[in-house]
Amino acid sequence: MSAAQVRNPAVRRLADWPADRLRGLADEHGAPLYVLDLDRVRQNYRRTAEAFPEAEVYYAAKANTARPVLRALADEGAGIECASAGELARALSAGVPGERVHYTAVNPPARDLDVAVRLAEDHPGLTITVGAADTLDRLAERGYDGRVCLRVNPGVGAGHHEKVATGADAKFGVPYDRAADLLEGATEDFDVVGLHAHAGSGISGEDLSAHRELVARMGDLAREVEGRGVDLEFVDVGGGFGVPYSPDEGPLDLDAVAEATREALGEVDAALAVEPGRYLVADAGVLLTGVNTVKETPAGAVVGVGAGMTTLARPAIYDARHELRSLAPDADERPEREVTVAGPVCESADTFGVHRLPAPERGDLLAVGNAGAYGYEMASQYNSRPRPASVVLDGDDARLARRRETIADVTAVEPEDEL
Ligand code: LLP
């Protein structure tokens, strides 16, 4: 390993987290608790910026919108890619300059467009990425004539699960063959600044063929529109860089991805842009949860934990497997056993699956790995369960990014019953 890799390893494993500190945080804030280490977020950003020195890096905020994360990444020089009016409001109120904020509008609700156009008046550097011709009409109807980027359907998708392989899904982006004409036409009414495509989420380094194909197609398209005299600032080839969820899996070779990207893009005048979400935050976060019950059954032991599909939705939605670690102080002395770990929701989908763990006991604390991306963000209040707290670590400091919700928070939006 080189000195740089020692200082900034390509992956932080669940085993690398200090058990004492995590136990202390759970004692102080209770569980379930999301913990996110900003130093690791910064490391992940720096590794990305070093692999793509010529590119603009936009953080896909949907992976984790906690304000300290947006601030830390913006301070490192990242731009922020937003998926909604709410994310736009968060990025701008966190102090990210409008010039470094992109809003990728997917079938945007009118309310989102209203807010985006209003925010663009105060932050004229903001860029709106549209994926349908009539979104341009809807922007024009609102008097918008600012910066626009066109999202193209590259016809090639990839990802860790069919539910996140967006690239070939007609829902996303304008058809490739219509993109050049549409973009050229849009220059009459808007400041057209870029082209965009995104293949999907959780791309593995083993097969970069889909990524290469997407980038090559975007390079061809950029040359075509540049040939027609459209002056593009950037070609955004999306995010999707995968992280290892299993301890046996190696890290993504980001330099190889960057090399493949450069090669496939070829010569274009526009700058390259990438927009990773997961890669910057996944291994910077863990979810802590307590063991509530241990039940012996003819089908094996079932360990009931406090965090469920309302806390971390990924296993239920994508059959995602997250590594678990026992933080019991005597974990090393316990015999290992195979157990099913399940949450408190009355649905079979509410499970972390079968894991080999130091024999779990009631009152133990478990850590769930790679919880920094799409963890808190996808949490829900299903079952009228308040969402957990989330704590952010910055060196030796720890502060609440989100306090634990109460049942009063859950019911607060309901009008008082006057019947
Ligand atoms: N850009 C666009 C336009 C996207 O839609 C996404 C993710 C990204 C960038 C960032 O992708 P990333 O680098 O994080 O893979 N909830 C799912 C992931 C959904 C991703 C949606 N779009 C999960 O937990 O796996």
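In angstrom, the C-alpha Rg and Dmax of the range 341-419 are 16.4, 54. Counting every alpha-carbon pair across the range 77-141, the share separated by more than 20 Å comes to 18%. Taking the Kirkwood radius as Rh and the Cα radius of gyration as Rg, the range 9-59 has a ratio of Rg/Rh equal to 1.12. Qualifying GluC sites (Glu not before Pro) in the range 355-419, where qualification requires a DSSP coil assignment and no more than 15 other C-beta atoms within 10 Å, comprise E361, E416, E418.
Normalised radius of gyration (Cα atoms, divided by 2.2 N^0.38 Å) for the range 283-411: 1.06. Just flag the trypsin sites (Lys or Arg not before Pro) in the range 312-419 sitting in loop per DSSP whose Cβ has no more than 14 other Cβ atoms within 10 Å. Here the trypsin sites (Lys or Arg not before Pro) that fit, given the DSSP loop and packing criteria, are R362, R403. Mind checking the dipole of the range 38-282: about its Cα centre, +1 per Lys or Arg Cβ, -1 per Asp or Glu Cβ, Debye to the nearest 20? Magnitude of the dipole: close to 960 debye. Each 10 Å bin from zero up to the one holding the largest Cα-Cα distance in the range 123-209 carries the following percent of pairs: 18, 43, 26, 12, 1. Listed values for the range 325-339 are Karplus-derived 3J(HN,Hα) couplings in whole Hz (6.51 cos²θ - 1.76 cosθ + 1.60, θ = phi - 60°), namely 9, 7, 9, 4, x, 9, 3, 5, 8, 7, x, 7, 8, 8, 9, and x replaces Gly and Pro.
The shape of the range 45-85 can be summarised by an equivalent ellipsoid whose semi-axes, obtained from the alpha carbon gyration tensor, come to 19, 11, 8 Å from longest to shortest. Coupling constants for the range 178-186 follow from the phi torsions by the Karplus curve (6.51 cos²θ - 1.76 cosθ + 1.60, θ = phi - 60°), and in residue order they are 9, 5, 4, 5, 4, 5, 4, x, 5 Hz; glycine and proline get x. Who wins for biggest fluctuation among A210, A398, A379 in a Gaussian network model of the chain, springs between alpha carbons below 10 Å? Maximum fluctuation in the GNM of the chain, among the listed residues, is at A398. Scalar couplings 3J(HN,Hα) for the range 245-260, obtained by applying the Karplus form with A = 6.51, B = -1.76, C = 1.60 to θ = phi - 60°, are 8, 9, x, 7, 8, x, x, 5, 8, 5, 4, 5, 5, 5, 4, 4 Hz; x denotes Gly and Pro. Measuring nothing but how far apart in sequence close Cα pairs (under 8 Å, 6+ apart) lie, relative to its length, the chain scores a relative contact order of 19 percent. For A60, the residues whose modelled amide H falls within less than 5 Å of its own, excluding neighbours fewer than 5 places apart on the same chain, are E81, G277. Taking amide H atoms as placed 1.01 Å from N in the peptide plane, the amide H of G353 lies under 5 Å from those of V341, each 5 or more residues away in sequence or on another chain. Taking the empirical scaling 2.2 N^0.38 Å for compact globular proteins as reference, the chain has a Cα radius of gyration ratio of 1.03.
For the chain, a crude dipole built from +1 on the beta carbon of Lys and Arg and -1 on the beta carbon of Asp and Glu, taken about the Cα centre, is about 1100 debye to the nearest 20. Per-residue ellipticity at 222 nm computed for the chain from its helices equals -9000 deg cm²/dmol, with DSSP H segments shorter than 4 residues left out and the rest contributing -39,500 (n - 2.57). Within the listed set P108, P358, P18, the residue fluctuating most in the Gaussian network model of the chain (springs between alpha-carbon atoms under 10 angstrom) is P18. Calculate log10 I(q)/I(0) of the range 38-282 for q = 0.10, 0.14 Å⁻¹, where I(q) comes from the Debye formula with a single equal point scatterer on each Cα and nothing for solvent. Each listed q maps to, in turn, -0.42, -0.87.
Every number here is computed from the coordinates shown, using simple stated rules; none is lab data. Since we're looking at a predicted model, the values are computed, not measured. No Cβ is skipped: glycine too gets one built from the backbone with ideal geometry, and neighbour counts run over all protein chains shown.
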